[in-house]
Amino acid sequence: MTNRTFTMLKPDSVEKGNVGAILEKINASGFRIVAMKLTQMTRRDAEAFYAIHNERPFFGELVNYMTRGPVVAAILEKDNAVEDFRALIGATNPAEAAEGTIRKLYASSIGENAVHGSDSDENAAIEGAFHFSSREQF
Ligand code: UDP
Ligand code: MG
């Protein structure tokens, strides 16, 4: 599904009360919400979700961070969704993120960077299915 992407508003966004402001920006940028829920990942979930990074030095911290509280998981729809959403969130490191991007506005560090965005159509489909059954997608 080339017009969909998957996002999580990460635990720091929920803790800081930034969920409303971030969703506002997502809506204003033309994304339609296909599925959404507040959910908490187990360590097993986070290790599987980020399996591609399991050899990286930050993996343990990443799993701690992503499991310490709930996230808002969502599937979003728009033409060119994956690329446009990556542009909206900005670079992984907020210090390098463009002005006005979600990470520039709301991330505190390269680790605690407020939001996830899928990096390919293939991963968007895998990640969406990780969190949502077909009955939860509208
Ligand atoms: N991350 C980190 N340190 C790094 C790189 C990444 O803690 O040096 C974390 C950060 O939360 C990031 C996630 O691991 O969002 C996944 O990394 P990736 O390179 O896939 O960045 P993204 O696709 O999220 O921009
Ligand atoms: Mg990534």
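Values as computed for the structure displayed
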quantity: Total residues in the range 39-54, condition more than 19 Å from Glu136 (Cβ to Cβ), surrounded by 13 or more Cβ atoms within 10 Å (Cβ to Cβ) and more than 14 Å from ligand 1 (Cβ to nearest atom); calculated: 0
quantity: Among (1) over 23 Å from Ala129 (Cα atoms); (2) under 14 Å from the mean Cα position of the chain (by Cα); (3) more than 8 Å from ligand 1 (Cβ to nearest atom), the one test that Ala74 misses; calculated: (1)
quantity: Residue, nearest to the chain's Cα centre (by Cα), within the range 57-70, restricted to residues that are crowded, with 17+ Cβ neighbours inside 10 Å and within 15 Å of ligand 2 (Cβ to nearest atom); calculated: Met66
quantity: Condition check for Phe138: modelled with pLDDT of 95 or more, under 20 Å from Met36 (Cβ atoms), assigned to a loop (DSSP other than H, G, I, E, B) and among the hydrophobic types (A, V, I, L, M, F, W, C); calculated: yes
quantity: Which numbered condition Glu47 misses (of (1) within 17 Å of Gly128 (Cβ to Cβ); (2) within 16 Å of ligand 2 (Cβ to nearest atom)); calculated: (1)
quantity: Failed item, numbered, when Val14 is tested on (1) at pLDDT below 95; (2) out of contact with any helix residue (DSSP H, G or I) (no Cβ under 9 Å at 6 or more places or on another chain); calculated: (1)
quantity: Residues within the range 77-107 that are of a type outside the set (A, V, I, L, M), over 23 Å from Phe132 (Cα atoms) and within 11 Å of ligand 1 (Cβ to nearest atom), tallied; calculated: 6
quantity: Residue within the range 59-66 that is touching a strand residue (DSSP E or B) at 6+ places or on another chain (Cβ under 9 Å), within 16 Å of ligand 1 (Cβ to nearest atom) and without any contact (Cβ under 8 Å) to a residue 60 or more places away in the chain present; calculated: yes
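The values are calculated or read from the model by the stated rules, or taken from the named source; none is laboratory data. Just so it is clear, the structure is predicted and the values come from calculations on it, not from any experiment. Using ideal geometry, Cβ is built from the backbone for each residue, glycine included, and neighbour counts are taken over all protein chains shown.
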